[in-house]
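One structure, pasted below without further comment.
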There are 2 protein chains.
Amino acid sequence: MKDVAARAGVGLKTVSRVVNGEPGVTVETERRVQEAIDSLGFRRNDSARVLRKGRTASIGLVLEDLADPFYGPLSRAVEEVARAHGALLINGSSAEDPEREQELALALCARRVDGLIVIPAGDDHRYLEPEIKAGVATVFVDRPAGRIDADAVLSDSFGGSRAGVAHLIAHGHRRIGFIGDQPRIHTATERLRGYRTAMEDAELPVAPSWVALGSTAPEAVRDAVVDMVAGPEPVTALFAGNNRVTVTALRALADHQQRIALVGFDDLELADLLHITVIAQDAAALGRTAAERLFRRLDGIDDRPAQVTLKTTLIPRGSGEIPPGTIH
Amino acid sequence: MKDVAARAGVGLKTVSRVVNGEPGVTVETERRVQEAIDSLGFRRNDSARVLRKGRTASIGLVLEDLADPFYGPLSRAVEEVARAHGALLINGSSAEDPEREQELALALCARRVDGLIVIPAGDDHRYLEPEIKAGVATVFVDRPAGRIDADAVLSDSFGGSRAGVAHLIAHGHRRIGFIGDQPRIHTATERLRGYRTAMEDAELPVAPSWVALGSTAPEAVRDAVVDMVAGPEPVTALFAGNNRVTVTALRALADHQQRIALVGFDDLELADLLHITVIAQDAAALGRTAAERLFRRLDGIDDRPAQVTLKTTLIPRGSGEIPPGTIH
DNA sequence: ATGAAAGCGCTAACAA
DNA sequence: TTGTTAGCGCTTTCAT
């Protein structure tokens, strides 16, 4: 910038004005400055600008895994809102590791992102308290924050799985299995609660062998499926706790003689062609809502932290409507 | 940092040494500084650090659409490599709009990212020349750069679709349709070229009505499919130019009386359960290779720009092995 | 082992 | 309309 000023024969501030489109520069001066800019190939250094202004015009997004088809649309939705506000998006994957989540979130804070959107891997977010106090707007998505009071945008996991399980019951099932993620993950326990409530609503017992909570790695889910359909009290229907579970369960069920009904939490691409009944949550809406909340805070609207819950949708496509006892 | 120094009763530089783990500080002094840091909740401001050091420890990724299941894994792979090098990832979607690509890429350069990975939307990247000269390492992925000499990591679109179409021919098809993306997109024309070459190899004619290049919006693809299977010279097989086309084509073919063979470029989740034969490219490998190349450059290894092409894999699963004339 | 001073490139505040 | 000065928070250089 100094060089540009020298070459155009003007002061530093005049260049700054031209670069930022501020008023108070004659057309002629502007032309000279512009010429100098072009010939020197100058481009403003935003790092310096950030240091001076105190705002980085960027927000951070800590999610679980960008490669998961659930988080792609969520991230994209956040990006669109950020873009509308002139901000860039830095994102990182925690790989469901609380330490990595913390490391990432703090690294983003050190970069002085204006705001932070976090999909929690851990269940204790007190480490963010000083940052939030220092002015980093923070919104949690998909799962609530642990041990601090903060904004959160969630899907109705409880209501969704309750409706999904009720749907299976309505189609005649009495023995229904539930396969979900680690119990330390909030959505997993909420969905399990929905399952149990739906069973209670129908006054149905739940055998311990019908519930599997834990790793959603393919082998683990496959084992759980096999146990449930082949055990002494074999289930006639399954509720899959998330998209990964649904996919693996479908593969495991593909060559089972008995047709097992299935409702999965989360929609999948091609689920329509495979006739999979799902409880769909709107990942993009989740991201959009969270980002909008964040920017409201950045715009100075400072209401109390609140929790927003988005509805889920039951989409019947066939797999959830198979009656018990159907053969392939 | 000033405050920390004051509170610990030491000089600014000493605090800096402690914060950065530099040697030359007594244990006792370090303890005092650390205490001040903790009680003040101090965290280094990386913006200032960046300004001083000239390196941001961040790289930019401009891709087409983070919500597209092809780019999620790619982005994640880039992130992992970046993380291994202590860098953060800023990413943005061009939405296949050349102007938006440029805007994003230049915004990232203004932030002084150390390197840039670009999945081109446009076909003229001369606008990046000054940045590259100024030291921003740049690698193009999925599609080559336009009008400049730069690193590129690509999948073998030509060879992949040639193999896919040859596979259909080997299963008895003579009238094969091709549906692909806009011709200005490099991969689209390469894949078309692969199709034409495979047809020529087998000395088969190609009717103009068998080729549709253009928007991959569902309606457009659906129309193309309907035209091809119902025209005067109806095709018995289709080659789908990318994942979106495959999905829409499958939906359009689902209720057609004749079974149409299909091979799609790009693998899909659940493609195994739907028995879809595909030409798979390894999105993660694409991202990893590009990122590794980028960091090699950042490490000072400065060989000439080169183009790397990754192999594709034909995965036969059923849809590509349907003989002509099969009825549902 | 420790610290003082200069300066990275920009913008805010003020002056001319 | 234009320019000057100070300083954002850190690291680098050079003294001590």
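The values are calculated or read from the model by the stated rules, or taken from the named source; none is laboratory data. A quick note: this is a predicted structure, and the numbers were derived from the prediction, not measured. Here Cβ is always computed from backbone atoms with ideal geometry, including for glycine, and neighbour counts include all displayed protein chains.
Return yes or no: is A:E35 part of a helix (DSSP H, G or I), away from DNA strand C (no atom under 16 Å from the Cβ) and closer than 14 Å to B:N91 by Cβ? Explain how you work it out, then say what you get.
On the way: part of a helix (DSSP H, G or I): yes; away from DNA strand C (no atom under 16 Å from the Cβ): yes; closer than 14 Å to B:N91 by Cβ: no.
No.
Listed here are the residues, each with its yes/no results for (1) away from chain B (no Cβ under 14 Å); (2) assigned to a loop (DSSP other than H, G, I, E, B); (3) under 24 Å from B:R251 (Cβ atoms).
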residue	(1), (2), (3)
A:D267	no, yes, yes
A:L274	no, yes, yes
A:G287	no, no, no
A:I301	yes, yes, no
A:T309	yes, no, no
A:G320	yes, no, yes
A:P324	yes, yes, no
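Suppose we filter the stretch A:41-85 for residues that are within 16 Å of DNA strand C (Cβ to nearest atom) and either part of a helix (DSSP H, G or I) or aromatic (F, W, Y) (or both); how many remain?
Going through the stretch A:41-85 one residue at a time, the tally reaches 9.
Scan (1) among the β-branched types (V, I, T); (2) more than 11 Å from DNA strand D (Cβ to nearest atom); (3) at the interface with chain A (Cβ under 9 Å from one of its Cβ atoms) for the single condition B:V62 breaks and write down its number.
So B:V62 meets the others, but not (3).
Under the condition of being among the acidic types (D, E) and more than 18 Å from the chain's Cα centre (by Cα), which residue from the stretch A:248-274 is surrounded by the most Cβ atoms within 10 Å (Cβ to Cβ)? Can you show your working first?
Kept after step one, since they are among the acidic types (D, E), are these residues of the stretch A:248-274: A:255, A:266-267, A:269, A:272.
Applying the additional criterion that residues be more than 18 Å from the chain's Cα centre (by Cα) yields A:255, A:272.
Values: A:D255: 7, A:D272: 17.
Going through the qualifying residues, I end up with A:D272.
Next question, about the same structure. Do you know which residues across the stretch A:1-29 are part of a loop (DSSP other than H, G, I, E, B), more than 16 Å from A:S39 (Cα to Cα) and near DNA strand C (Cβ under 10 Å from one of its atoms)?
A:G11, A:N20, A:E22, A:G24
Residues of the stretch B:16-52 being near DNA strand D (Cβ under 10 Å from one of its atoms) and more than 11 Å from every other protein chain (Cβ to nearest Cβ), which ones?
Selection gives B:S16, B:R17, B:V18, B:N20, B:E22, B:G24.
Where residues in the stretch A:156-175 are in contact with a Phe, Trp or Tyr (Cβ under 9 Å, 6 or more places away or on another chain) and in contact (Cβ under 8 Å) with a residue 40 or more places away in the chain, which of them is surrounded by the fewest Cβ atoms within 10 Å (Cβ to Cβ)?
Looking at residues that are in contact with a Phe, Trp or Tyr (Cβ under 9 Å, 6 or more places away or on another chain) and in contact (Cβ under 8 Å) with a residue 40 or more places away in the chain, I get A:R175.
Residues checked against (1) more than 14 Å from chain A (Cβ to nearest Cβ); (2) under 26 Å from B:G325 (Cα atoms); (3) crowded, with 23+ Cβ neighbours inside 10 Å; (4) without any contact (Cβ under 8 Å) to a residue 60 or more places away in the chain:
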site	(1), (2), (3), (4)
B:A217	yes, no, no, yes
B:G231	yes, yes, no, yes
B:T246	no, yes, yes, yes
B:A280	yes, no, no, yes
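Here's another thing I want to ask about it. I'd like the full set of residues that are in a loop (DSSP other than H, G, I, E, B) and either within 22 Å of the chain's Cα centre (by Cα) or at negative phi (or both), limited to the stretch A:186-225. Full working, then the answer.
Taking the stretch A:186-225 as the starting set, the residues that turn out to be in a loop (DSSP other than H, G, I, E, B) are A:202-207, A:214-217.
Listed by number, the residues that qualify are A:A202, A:L204, A:P205, A:V206, A:A207, A:G214, A:S215, A:T216, A:A217.
Here's something else I'd like to know. What single numbered condition from (1) more than 12 Å from every other protein chain (Cβ to nearest Cβ); (2) under 30 Å from B:D38 (Cα atoms) fails to hold for A:D142?
So the condition that A:D142 fails would be (2).
Something else about it: Which of the residues belonging to the stretch A:131-150 are in contact (Cβ under 8 Å) with a residue 40 or more places away in the chain and in a loop (DSSP other than H, G, I, E, B)?
Those that are in contact (Cβ under 8 Å) with a residue 40 or more places away in the chain and in a loop (DSSP other than H, G, I, E, B): A:D142, A:R143, A:P144, A:D149, A:A150.
Is one or more of the residues making up the stretch B:224-231 of a type outside the set (S, T, N, Q) and over 20 Å from B:I176 (Cβ atoms)?
Quick first cut of the stretch B:224-231, residues of a type outside the set (S, T, N, Q) only: B:224-231.
Adding the requirement that they be over 20 Å from B:I176 (Cβ atoms) leaves none.
No: zero hits.
Now for a different question. For the list (1) in contact with a Ser or Thr (Cβ under 7 Å, 6 or more places away or on another chain); (2) at pLDDT 95 or above, I need the number of the one condition that A:N91 fails.
Failed condition: (2).
So B:V141 passes all but one of these: (1) at positive phi; (2) in contact with a helix residue (DSSP H, G or I) (Cβ under 6 Å, 6 or more places away or on another chain); (3) of a type outside the set (D, E, K, R). Which condition number does it fail?
(1)
If I ask for residues that are over 30 Å from B:E129 (Cβ atoms) and under 17 Å from the mean Cα position of the chain (by Cα), which ones from the stretch B:285-328 would you list?
Hits for the stretch B:285-328 are B:K311, B:T312.
Let me ask something additional. Exactly one condition in (1) loosely packed, with under 11 Cβ neighbours inside 10 Å; (2) over 45 Å from the mean Cα position of the chain (by Cα) is not met by A:P23; state its number.
Condition (2) is where A:P23 drops out.
Something else now. For the stretch A:97-122, give me each residue that is within 12 Å of another protein chain (Cβ to nearest Cβ) and either closer than 10 Å to A:V62 by Cα or without any contact (Cβ under 8 Å) to a residue 24 or more places away in the chain (or both).
A:R100, A:E103, A:L104, A:A105, A:A107, A:L108, A:A110
Inspect the stretch B:67-77 for any residue being at the interface with another protein chain (Cβ under 9 Å from one of its Cβ atoms), polar (S, T, N, Q), under 20 Å from the mean Cα position of the chain (by Cα) and buried (at least 23 other Cβ atoms within 10 Å of the Cβ) and give the result as yes or no.
Checked against the condition, which is being at the interface with another protein chain (Cβ under 9 Å from one of its Cβ atoms), polar (S, T, N, Q), under 20 Å from the mean Cα position of the chain (by Cα) and buried (at least 23 other Cβ atoms within 10 Å of the Cβ), the stretch B:67-77 yields at least one hit.
Farther than 22 Å from B:L270 by Cα and at pLDDT 95 or above: does that describe A:T236?
Taking the combined requirement at face value, the residue satisfies it.
On to the next question. Here are some conditions: (1) farther than 19 Å from B:G135 by Cα; (2) part of a helix (DSSP H, G or I); (3) at pLDDT 95 or above. B:Q102 meets all but one. Which one does it not meet?
B:Q102 satisfies all of (1) farther than 19 Å from B:G135 by Cα; (2) part of a helix (DSSP H, G or I); (3) at pLDDT 95 or above except (1).
Still on this structure: Would you mind stating whether B:R112 is buried (at least 19 other Cβ atoms within 10 Å of the Cβ), within 16 Å of DNA strand D (Cβ to nearest atom) and charged (D, E, K, R)?
Spelling it out, B:R112 is indeed buried (at least 19 other Cβ atoms within 10 Å of the Cβ), within 16 Å of DNA strand D (Cβ to nearest atom) and charged (D, E, K, R).
Checking A:A8 against (1) within 11 Å of another protein chain (Cβ to nearest Cβ); (2) within 12 Å of DNA strand D (Cβ to nearest atom); (3) crowded, with 22+ Cβ neighbours inside 10 Å, which test does it fail?
Of (1) within 11 Å of another protein chain (Cβ to nearest Cβ); (2) within 12 Å of DNA strand D (Cβ to nearest atom); (3) crowded, with 22+ Cβ neighbours inside 10 Å, only one is false for A:A8: (1).
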